[in-house]
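J.: This is the structure I want to talk about, given as structure tokens.
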Amino acid sequence: MTRLSVNINKIATLRNARGGNNPNVAHVAQDCERFGAQGITIHPRPDERHITRQDVYDLKPLVSTEFNIEGYPDQRFMDLVKEIKPEQATLVPDPPNVLTSNAGWDTIKHQSFLKEIIAELKKEGIRTSIFIGTDIALIEAAADCGSDRVELYTEPYAANYAKNKSEAVKPFVNAAEVARKAGLGLNAGHDLSLENLQYLKEQIPELDEVSIGHALICDALYYGLENTIQLYLRDLQ
Ligand SMILES: CC(=O)[C@@H](O)[C@H](O)COP(=O)(O)O
Ligand SMILES: NCC(=O)COP(=O)(O)O
């Protein structure tokens, strides 16, 4: 079964736009779970452009499925994650000012750093995932870092899907095979949508989890949040 983890960053973006508490991020997270989401993902960035530190504390006691916290593992992130103890921490190589995540880790260049971080998180009982591209050597190096899982950065797949979906998915199918052989669990995320999700799942049925935010929240403006979550779950059958 591939779990759908709904990334609620954009709910916080809308809330922050007016400075109040509408939409209520914690209530939306609970509703996402009630509508069938099998996880909640957040990415508390240093500038708090969407998810704030307080949101993380507010969400912790309420998330009843799987809580996945993404971010660059600086001291701020590590202290927060070790205190909150989510089911999963996803390590993302984002610099503070990046518009959105736009690359995976160089797990060869940063191997000693990542090994240390992952050991620290696993000591707390937190499952680890490394956000990564489809480079075979880097995926093998992710296993050497001791990570439980990798999350395939799927923006290149989404960007090329309309042009030629079979070509777009090939690197990801290969990467999934290498991850499996290396004993890594397999997540995927970034720019997944109702256009491209079903084909990805058909080509990589062994996916453990997809985390989806931007497109899903945009779809919810038209279909409603409950219907939208059901549509994404349908595409993961
Ligand atoms: C790691 C990943 O692909 C997403 O969590 C992405 O970081 C979303 O971040 P924004 O919602 O800030 O674009
Ligand atoms: N890890 C990917 C994620 O959480 C959501 O990415 P997106 O769907 O907002 O592009």
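J.: Apply the a/c threshold of 1.5 to the C-alpha gyration tensor of region 84-150 and tell me whether it is rounded, prolate or oblate. Don't jump to the answer; show the numbers that get you there.
T.: On the way: a/c = 1.80, a/b = 1.16, b/c = 1.55.
In terms of gyration-tensor shape, oblate.
J.: Using a Förster radius of 30 Å, what is the FRET efficiency between A103 and E83 based on their Cβ-Cβ separation? Nearest 0.05, please.
T.: Working: r = 28 Å, r/R0 = 0.93.
Approximately 0.60, to the nearest 0.05.
J.: Order H110, H190 by their accessible area, 1.4 angstrom probe, all chains in place, largest first. Provide the component values of the computation, followed by the final result.
T.: Details: H110 65, H190 40 Å².
From most exposed to least exposed: H110, H190.
J.: Would you calculate a helix-derived [θ] at 222 nm for the chain, using -39,500 (n - 2.57) for each DSSP H run of n ≥ 4 and dividing by the full residue count, to the nearest 500?
T.: On the way: 11 runs with 108 residues, N = 237.
After summing the helix terms and dividing by the residues of the chain, the value is -13500 deg cm²/dmol.
J.: Here's another thing I want to ask about it. Using alpha carbon centroids, what distance separates region 73-134 and region 151-180, in Å?
T.: Here the answer is 22 Å between Cα centres.
J.: Could you compute the net charge surrounding L152? Neighbours are other residues with a C-beta less than 13 Å from the C-beta of L152; K and R count +1, D and E count -1.
T.: Values: positive: R149, K170, R180, K201; negative: D135, E151, E155, E177, D191, E206, D208, E209.
After counting each charged neighbour, the total is -4.
J.: Oh, and also: Distance from a point 7 Å along Cα→Cβ of F113 to each backbone N in region 67-82: keep the residues under 19 Å and list them by number.
T.: Under cut-off, by backbone N: 70-82.
J.: Could you tell me which of the pairs K123/K170; K115/K181; K82/K165; K85/K201; K82/K170 are separated by over 31 angstrom between their Cα atoms in the structure shown?
T.: Working: K123/K170 36 Å; K115/K181 20 Å; K82/K165 40 Å; K85/K201 29 Å; K82/K170 37 Å.
Among K123/K170; K115/K181; K82/K165; K85/K201; K82/K170, the Cα-Cα distance tops 31 Å for K123/K170; K82/K165; K82/K170.
J.: Could you provide, to the nearest whole Å², the per residue accessible area of region 3-235 with probe 1.4 Å? Don't jump to the answer; show the numbers that get you there.
T.: Working: 10200 Å² over 233 residues.
Solvent-accessible surface per residue comes out at 44 Å².
J.: With r as the distance between the Cβ atoms of R53 and L221 and R0 = 25 Å, compute the FRET efficiency 1/(1 + (r/R0)^6) and round to 0.05. Before the final figure, lay out each step's value.
T.: Values: r = 27 Å, r/R0 = 1.09.
My answer for the efficiency is 0.35.
J.: How would you classify region 116-237 from its alpha-carbon gyration tensor, with a ≥ b ≥ c the square roots of the eigenvalues: rounded for a/c under 1.5, else prolate if a/b is greater than b/c, otherwise oblate?
T.: Working: a/c = 2.36, a/b = 1.45, b/c = 1.62.
Taking the square roots of the gyration eigenvalues as a ≥ b ≥ c, region 116-237 is oblate.
J.: So, one more: Based on the Cβ-Cβ distance of L14 and E195, what FRET efficiency does E = 1/(1 + (r/R0)^6) give at R0 = 30 Å, to the nearest 0.05? Working shown, then result.
T.: On the way: r = 23 Å, r/R0 = 0.76.
Approximately 0.85, to the nearest 0.05.
J.: Let me ask something additional. Rounded if a/c is under 1.5, else prolate if a/b beats b/c, else oblate: with a ≥ b ≥ c from the C-alpha gyration tensor eigenvalues square-rooted, which is region 3-235? Present the calculation step by step, with values, prior to reporting the outcome.
T.: On the way: a/c = 1.69, a/b = 1.12, b/c = 1.51.
Verdict is oblate for region 3-235.
J.: How much length is gained on full extension from A162 to D208, taking 0.36 nm per residue of separation minus their Cα-Cα distance? Can you show the working numbers first?
T.: Values: separation 46, 0.36 × 46 = 16.56 nm, distance 2.46 nm.
The A162-D208 span can extend by a further 14.1 nm.
J.: Here is a follow-up. Which percent of the accessible area of region 3-235 is formed by carbon and sulfur heavy atoms (probe 1.4 angstrom)?
T.: Details: 5040 of 10200 Å².
Answer for region 3-235: carbon and sulfur cover 49 percent of the accessible area.
J.: Still on this structure, I have one more. Based on Cβ point charges of +1 for Lys and Arg and -1 for Asp and Glu, what charge dipole magnitude is obtained for the chain about its Cα centre, in debye rounded to the nearest 20?
T.: On the way: 25 positive and 34 negative charges, 38 e Å.
In total the dipole reaches around 180 debye.
The values are calculated or read from the model by the stated rules, or taken from the named source; none is laboratory data. As the structure is a prediction and not an experimental result, all values here were calculated from the model. Cβ coordinates were reconstructed from backbone atoms using ideal geometry, including for glycine residues, and neighbour counts include every protein chain displayed. To get the accessible areas, we keep the full protein, side chains included, count just its heavy atoms, and leave off ligands, DNA and RNA. Shrake-Rupley method; radii C 1.70, N 1.55, O 1.52, S 1.80 Å.
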